[in-house]
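Visitor: Encoded as structure tokens, here's the structure I'll be asking about.
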Amino acid sequence: MRPSKMPSLLAFLVVLLMACAATAQHHQHGKPGAAPEAFTATPAFGPDGTLWLARATADRITVEKSTDLGKTFSEPVSVTPEPMNLDWGPDARVRIAADPKGGLIVTFAIFQDKNFNGRAFFSRSLDKGASFTPPRPITADTTSQRFETVAVDPSSGRVFAAWLDKRNGPKARATGKPYPGAALAYAWEDGDGAFGKTEIALDNTCECCRLGVAFAGPGRPAVVFRNIFPGSVRDHAVVTFKDPATPGPLRRVSTDDWKIEACPHHGPSIAIAPDGSYHVAWFTDAPSRKGLFYARADNGDVPFGAPRALSSPNRQPARPYLLSDGQALHLVWKEFDGNKSVVHWQLSRDSGRHWSDTRTVAETADASDHPLLVAHDGHAYLSWLTKNEGYRLIPLEDR
Amino acid sequence: MMSSRTPSMTIARLSALLALLLTVFAVGRAEAVEPQPFARGSWAELQARHAGQPTVVHLWGLTCAPCLTELPHWADLQRERSDLRLVLLAADPVPQPPVRVEEMLSRSGLDKLESWSFADRFNERLRYEIDPAWSGELPRTLLIDRDGTVTTLPGVADLGEVRAWLDRQRTH
């Protein structure tokens, strides 16, 4: 019995050894485990018509400029002196804003750890983009910040920053209370070099979607975000500040009743027209309302009107973006037609009451960033970074 | 119980060696079950591979916190139901390093299963091939019956529903 058992055991061991060697080799020669990379480009026009473009590429942030509406660009200037672990989330992006004096501010976030806790940074240029200050955190708290957004108050040139902040989560959980989501945090720039004290406007917002910011008046930013309503319903809301230090009440944009215990990674967009009307576009996947929608409100106090569907839900409508430019309101979004991603555009000249037919303004057959809108001197442009074509600034001509 | 000294020593040594090798083998195996890259056309390939067999495709993501909480429950169900043919597909909108996908599945007790991971940044296209109406939310579970009919469970799956579906596949 035993003599015959031994060789079979040995044979088994040999087979095992070979299997180990094979798997080890397979592993060694497998695909490289490349880290995900940020791929975004965000534009801002300076007061003199210079187009500034902030780009996140792999592990660095750069800014380049164009004085011929995006036909040619300067050599990129580095914002991040060292490689950084940039937030590559599908709704995260580098941000840039130009103040009325021509100064620039750039913001971005990094991942601090493998649990997607973020840290938001800002950098300033006061020499017309020739150089940028070393990035500094927007806030002292180190828990987690993501989806930072900056906007310049047109009346004063003061920079307002809003972001999603997780500082209140551990505090609540330490006392045994659940804390879904994150807080909507904000700070105003204090002089040219730093942000003032961080304040929390609201707790328990959805933690994974981009924010939208517009100004309702001097010192009165309006922030649109995906909120968490009771029952884990992740619908949209707007908070308009009464003054720079007083966030107003939460105003729900629409009752989609999208109940989801997950991160949609899909945030809204807002514009406020010169007549004070509010315009919001968003994505939802509620059972009764799926896809992209738009709604308007006459001002900051009244409820939003009925949502208007922008697209059929089986074309993956995504990433809506609104821009108010004088009497014109522009709205773009992305769809997928089975082969290509296309950017659709609608225009309203009566405060969003009526809209033009949908026109396709750009397309691409590979990966792409969100479509964005930017305007200068009465002309609006689509700003779009695509893998195949690179960066494009496309005039939205009212043909 | 031991008839002589020498053979028992040999067996003890062999067992120790075997145990050591098995450990190495187990580690090597856990590392080896890397997700297959899910690219354009992979959905058709995956479907063809399981054609005629009731199959559950669970879509999850490393960047989706509820997904990570849910994964161990799928491992439990896999242990409970030998008739569960489970395929895991990491559908992160930005492709993740295969080694991290593998680590997470290993930690959740799901490393021995067929596994795929999105490997193309053009995720619109990958999603469209699976379901044109899927806008990317995770988790998501597809119950594919013998004749290819798909029942979709969006969000964290009710495993009771999955069990009932498995029961129905048996009677057919």
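What follows is calculated from the coordinates using simple rules that are stated; it is not laboratory data. Not measured: the values here are computed from a predicted model. All Cβ positions, even for glycine, are placed from backbone atoms using ideal geometry, and neighbour counts span all protein chains on display.
Visitor: Given 0.36 nm per residue, what is the gain on full extension from A:Ser232 to A:Ile200 after removing their alpha carbon distance, in nm?
Guide: 9.5 nm
Visitor: I would also like to ask the following. Between A:Ala194, A:Ala172, A:Ala365, which gets the highest mean-square fluctuation from a Gaussian network model of chain A, Cα cutoff 10 Å?
Guide: Of the options given, A:Ala172 has the highest mean-square fluctuation.
Visitor: I'd like to know which of B:Leu46, B:Gly109, A:Asn314 lies farthest towards the positive end of the charge dipole of the protein assembly as shown, counting +1 on Cβ of Lys and Arg and -1 on Cβ of Asp and Glu.
Guide: Selected residue: B:Gly109.
Visitor: Related question: Residue separation times 0.36 nm, minus the C-alpha to C-alpha distance between A:Glu397 and A:Lys101: what's the value?
Guide: Full extension from A:Glu397 to A:Lys101 adds 103.7 nm.
Visitor: For each pair in A:Lys65/A:Lys387; A:Lys259/A:Lys387; A:Lys290/B:Lys112; A:Lys114/A:Lys166, compute the distance between the two Cα atoms and list the pairs where it is over 25 Å.
Guide: Too far apart for the 25 Å limit: A:Lys259/A:Lys387; A:Lys290/B:Lys112.
Visitor: Okay, next question. Can you grab the distance from the C-alpha centre of region A:330-363 to the C-alpha centre of region A:270-318, Å, no decimals?
Guide: Their Cα centres are 14 Å away from one another.
Visitor: Taking beta carbons within 10 Å but only from partner chains, what does the mean come to for residues B:134-143?
Guide: Counting Cβ atoms of other protein chains within 10 Å of each residue's Cβ and averaging gives 4.
Visitor: Going by average Cβ neighbours within 10 Å, how do the peptides A:323-336, A:297-310 rank, with the highest at the top?
Guide: A:323-336, A:297-310
Visitor: Sticking with this structure for a sec: So for A:Thr107, B:Thr149, A:Thr80, fewest C-beta neighbours within 10 Å to most, what's the order?
Guide: B:Thr149, A:Thr80, A:Thr107
Visitor: So what is the 222 nm mean residue ellipticity for chain A from helices alone, if each DSSP H run of at least 4 adds -39500 (n - 2.57) and you divide by all residues, rounding to the nearest 500 deg cm²/dmol?
Guide: -3000 deg cm²/dmol
Visitor: Among A:Asp165, B:Asp145, A:Asp127, rank each residue by its count of other Cβ atoms within 10 Å, from fewest to most, as a rough exposure measure.
Guide: So the ranking, lowest neighbour count to highest, is A:Asp127, B:Asp145, A:Asp165.
Visitor: Compute the distribution of all C-alpha to C-alpha distances in chain A, in bins of 10 Å from 0, and list the percent of pairs in each, rounded to whole numbers.
Guide: Percent of pairs per bin, in order: 5, 22, 32, 23, 8, 4, 3, 2, 1, 0.
Visitor: Now for a different question. Which peptide among A:276-283, A:152-159 comes first, and what is the full order, when sorted by highest mean count of other Cβ atoms within 10 Å?
Guide: A:276-283, A:152-159
Visitor: Apply the Karplus curve 6.51 cos²θ - 1.76 cosθ + 1.60, θ = phi - 60°, to the phi angles in region A:341-353 and return the couplings in whole Hz, x for Gly and Pro.
Guide: So the J values, rounded to whole Hz, are 8, 10, 9, 9, 9, 10, 10, 10, 10, 10, 6, x, 6.
Visitor: Taking a point 7 angstrom from the Cα of A:Asn115 along the C-beta vector, which residues in region A:132-160 have backbone N less than 16 Å away?
Guide: A:142-146
Visitor: Which value, to two decimals, describes the C-alpha radius of gyration of region A:240-388 once divided by 2.2 N^0.38 Å?
Guide: 1.07
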